[in-house]
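The next block holds one structure in the form of structure tokens; read it before the comments.
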Amino acid sequence: MWAQPNEYKTSYSYRVQTNVSSSATMLYNTIVTSDSATIMDLTPGETYTFLVYTRAADNITESDPVSYTTCTVPGQVSSISLNNNKSVNSLGISWIKPSGNVTNYTVSLTGAVTNTTQTTATQVTITGLLPGREYTVTVQTNSGTCSQISTPVTQATYPTPPRSLSLNPTRTNSLTLYWTEPVDMTGVDKSYNIRYGNSSGTWTVTSTTTSVTLQDLTSGTYYTITVVTVGVRGYQSTPVTTSAYTKPIPVKNLRSSSVASYSVSLTWGKPDEYKTSYSYRVQTNVSSSATMLYNTTVTSESATIMTLTPGETYTFLVYTRAADTITESDPVSYTTCTVPGQVSSISLNNYKSVDSLGINWTKPEGKVDNYTVSLTGAVTNTTQTTATQVTITGLLPGREYTVTVQTNSGTCSQISAPVTEATYPTKPINLSVNKIWTNSLTLSWMEPVNMTGVDKTYNISYENSSGTWTVTSTTTSITLQNLTSGTNYTITVVTVGVRGYRSSAITTSVYTKPMLVKTLEISNVTSNNVTLTWIKPDEYKTSYSYRVQTNVSSSSTMLYNAIVTSESTTITNLTAGETYTFLVYTRAADTITESDPVSNTTCTVPGQVSSISLYNNKSVDSLGVSWTKPSGNVTNYTVSLTGAVTNTTQTTATQVTIPGLLPGREYSVTVQTNSGTCSQISAPVTQATYPTPPRNLAINVIGTNGLTLSWKEPVDMTGVDKSYNISYGNSSGTWTVTSNTTSISLQDLTSGTNYTITVNQCQ
């Protein structure tokens, strides 16, 4: 097909020339008037070049050609044949060449292995395949750029055979086969056909695993066994073959008919499924070393073994042998021995040990494999040894034990007479002094290790420079009486067990408490210092010292710890106004053991306030008081006011206002610092309230040159010493007069003149 040329004319026609591309030979020449043409009778798989010429109306004049090249579809191969020839890794492929042209063939194989092979032949062999797999093959014909693929054909490779075929174990009525998976077939679906047979017949079983147990076999019988791999399409590998005898059945009721010092006679019964081809192998082993001594083959059901050693233990093993004289039954064994001698001169020694006993004895005549040493008592122990002595450990302390020694030769033995001995007791543990008094001590300890419930006592020895004393206790505590105060005692405790055996000692050293000091007194108390004195305690020793502990009473916090050797001390650098508790301990020579404390409590004098200031602020009924806090502790202040009114105020501040006072009076104030039960008062300071004003001022008489005035007493000032200042003035000046009463006459005034008059009270 093509499109009309530019400037097309209806008179045009077209010449279509067909050339064979490989030779450029013209095959056809076709004239058409339409815009298409179909070229027929071409060869399959040939490449053609088509040239189309536009022809003018004269059918001679032509345009240049337009060309197009393509190939025809090659033919499809037929009769594809796949043949494995029982190969495990290759396939042969053949086919019939189609009509037409074929440049070459592309053979494609898919499956466990993928392969693409190009060839010009009509057959090919593909190698390197994996066994026991199915593969699909297509053959594609190629010609130029054109191709045609065949329908797929399938075939499989043969499986590889099992590997390393082995028999284990071999039993009387079964054989277990094992093999390794076939080469290159891991994970591939497969099974195994196992064929086995004897003179009586042949049987086949199947397995999907690499082992199989052949059951219901006849004992002592020869079997031939073949195993093949069964793969896809039921293809079977080459066979792997082995053969074996099943085990004969063991003999029955093996026993000794007589045992002498140098020989043993054995008898037994025939095995089940007995065959006349059977024989017996009698193996004699020295039991202690498992060393084979003799190997005897017999055909009857008895044997006598000669030249044995007295006192030796022997194991006799009888094997049923198959006709091959190699395959044997499991052995039936029988062990016997000659009787060994009895040990003598047994000696037991504890060596003062708490957990072991040494045992010695004399070897008897004859052969002895070993000795069984049996110990009974709180612990049971059985020890086997080849020596003539043994130490048994892990025993419990303070117990009596019985020992016997047994000589052993194989299963034969003889036991000695019993001998007894005891272990030593363990010592008490964790010896501690629970309570210390001036004339007694309470001791306690824990029971000795591993001696709970065992009869025992304790010896307690205690000594000082004056002597040694011993007491006994059946419990784990004791109080030592009638001791001397403040004295060092060395105390030793031992456990006394069975047979009077005594443990190692546990020891401690302790001082008894000194007596209390007497009459602790406090003197010379200042703001910063306190002096303490006391009297020596009873049973005083020159080695004593005293520990003086100073505690802040409010918090029970220790402030100082002083060690002194005399019966007095001064505690310095204390805080003013603080309460202290002083504790005095008598200390023994070890400077650790102390008496109970004697205590006394006091407070230091608090500091005195300074810079007291009183101010009235012209008030008629109150005074303000302020001061500076002293150094040290002050719990609060007591402000005391005396005068026409008495007032006591307590405050934690450094200032206070006292209300409710009477006017025009003088008052005295002191400030007392308080701390605990201690206090210090300041020097007094004075100040007065202001007077109240006169009341109801009235002009009684007005003359030309004088006036008479009167008023009432000020509020709350009756009976109080006071006077009145009277100021009067006009435009010309001011004058002042004084009166002690509540009236006055003003003289020498100017007539007709305005006066301003003021009356003030003065205290």
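The values are calculated or read from the model by the stated rules, or taken from the named source; none is laboratory data. Worth saying up front: this structure is predicted, and the values here are computed from it rather than measured. Cβ placement follows ideal geometry from the backbone for every residue including glycine, while neighbour counts extend to all protein chains displayed.
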Among what's in the stretch 239-273 and is of a type in the set (Phe, Trp, Tyr) and crowded, with 17+ Cβ neighbours inside 10 Å, pick the residue that is modelled with the lowest pLDDT. Tyr245
Say whether the condition of being surrounded by fewer than 14 Cβ atoms within 10 Å (Cβ to Cβ), in contact (Cβ under 8 Å) with a residue 60 or more places away in the chain, touching a strand residue (DSSP E or B) at 6+ places or on another chain (Cβ under 8 Å) and not assigned by TED's automatic domain parsing to the domain that holds Tyr235 is met by at least one residue in the stretch 109-121. no
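Of a type in the set (Gly, Ala, Ser) and surrounded by fewer than 13 Cβ atoms within 10 Å (Cβ to Cβ): which single residue out of Ser668, Ser751 fits that description?
Values: Ser668 fails: surrounded by fewer than 13 Cβ atoms within 10 Å (Cβ to Cβ).
None of the others qualify; the one that does is Ser751.
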State yes or no: is Tyr585 in contact with an Asp or Glu (Cβ under 9 Å, 6 or more places away or on another chain), in contact (Cβ under 8 Å) with a residue 12 or more places away in the chain and either within 30 Å of Thr542 (Cβ to Cβ) or surrounded by fewer than 21 Cβ atoms within 10 Å (Cβ to Cβ) (or both)? yes
Which residue out of Ile478, Ile522, Ile491, Ile460 is within 30 Å of Val552 (Cβ to Cβ) and in a strand (DSSP E or B)? Ile522
Looking at the stretch 51-70 only, could you name the residues that are of a type outside the set (A, V, I, L, M) and either in a loop (DSSP other than H, G, I, E, B) or touching a Pro at 6+ places or on another chain (Cβ under 9 Å) (or both)? Tyr53, Thr54, Asp58, Asn59, Thr61, Ser63, Asp64, Pro65
Can we say Thr452 is over 29 Å from Leu395 (Cα atoms) and out of contact with any Cys (no Cβ under 8 Å at 6 or more places or on another chain)? no
Considering only the stretch 59-67, I want to know if a residue exists there that is modelled with pLDDT of 95 or more, in contact with a strand residue (DSSP E or B) (Cβ under 7 Å, 6 or more places away or on another chain) and farther than 30 Å from Ala3 by Cβ. no
Scan the stretch 346-371 residue by residue and report those that are in a loop (DSSP other than H, G, I, E, B) and over 20 Å from Thr382 (Cβ atoms). Tyr351, Lys352, Val354, Glu365, Gly366, Lys367
Quick one: count up the residues across the stretch 304-313 that are closer than 26 Å to Gln414 by Cα and either at pLDDT 90 or above or surrounded by fewer than 19 Cβ atoms within 10 Å (Cβ to Cβ) (or both). 5
Selection within the stretch 606-629 - surrounded by fewer than 19 Cβ atoms within 10 Å (Cβ to Cβ) and either in contact with a helix residue (DSSP H, G or I) (Cβ under 9 Å, 6 or more places away or on another chain) or assigned to a loop (DSSP other than H, G, I, E, B) (or both): Gln608, Asn616, Asn617, Lys618, Ser619, Asp621, Ser622, Lys629
Checking the conditions here, which among Val701, Val671, Val656 is under 30 Å from Asn754 (Cβ atoms), of a type in the set (A, V, I, L, M, F, W, C) and either outside any loop (DSSP other than H, G, I, E, B) or over 60 Å from the mean Cα position of the chain (by Cα) (or both)? Val701
Quick check on this structure: which one of Leu357, Leu395 is under 30 Å from Ser477 (Cα atoms) and either of a type in the set (Phe, Trp, Tyr) or in contact with a Leu (Cβ under 7 Å, 6 or more places away or on another chain) (or both)? Leu395
Within the stretch 1-50, residues farther than 22 Å from Thr145 by Cα, aliphatic (A, V, I, L, M), part of a loop (DSSP other than H, G, I, E, B) and in the same structural domain as Val66 (by TED's automatic domain parsing) come out as Ala37
Out of the residues in the stretch 282-303 that are surrounded by 15 or more Cβ atoms within 10 Å (Cβ to Cβ) and in contact (Cβ under 8 Å) with a residue 40 or more places away in the chain, state the one that is nearest to Asp330 (Cα to Cα). Gln283
Looking at this structure, is Tyr319 closer than 24 Å to Thr411 by Cβ, assigned to a strand (DSSP E or B) and at pLDDT 95 or above? yes
Filter the stretch 365-378 for residues that are out of contact with any Asp or Glu (no Cβ under 9 Å at 6 or more places or on another chain) and more than 16 Å from Val419 (Cβ to Cβ); the one that is surrounded by the most Cβ atoms within 10 Å (Cβ to Cβ) is Val368
Looking only at the stretch 76-91, count how many residues are surrounded by 16 or more Cβ atoms within 10 Å (Cβ to Cβ) and in a strand (DSSP E or B). 3
Every pair of residues 6+ apart whose Cβ atoms lie under 7 Å, when the first sits in the stretch 699-728 and is outside the structural domain of Leu746 (by TED's automatic domain parsing) while the second is not acidic (Asp, Glu): none
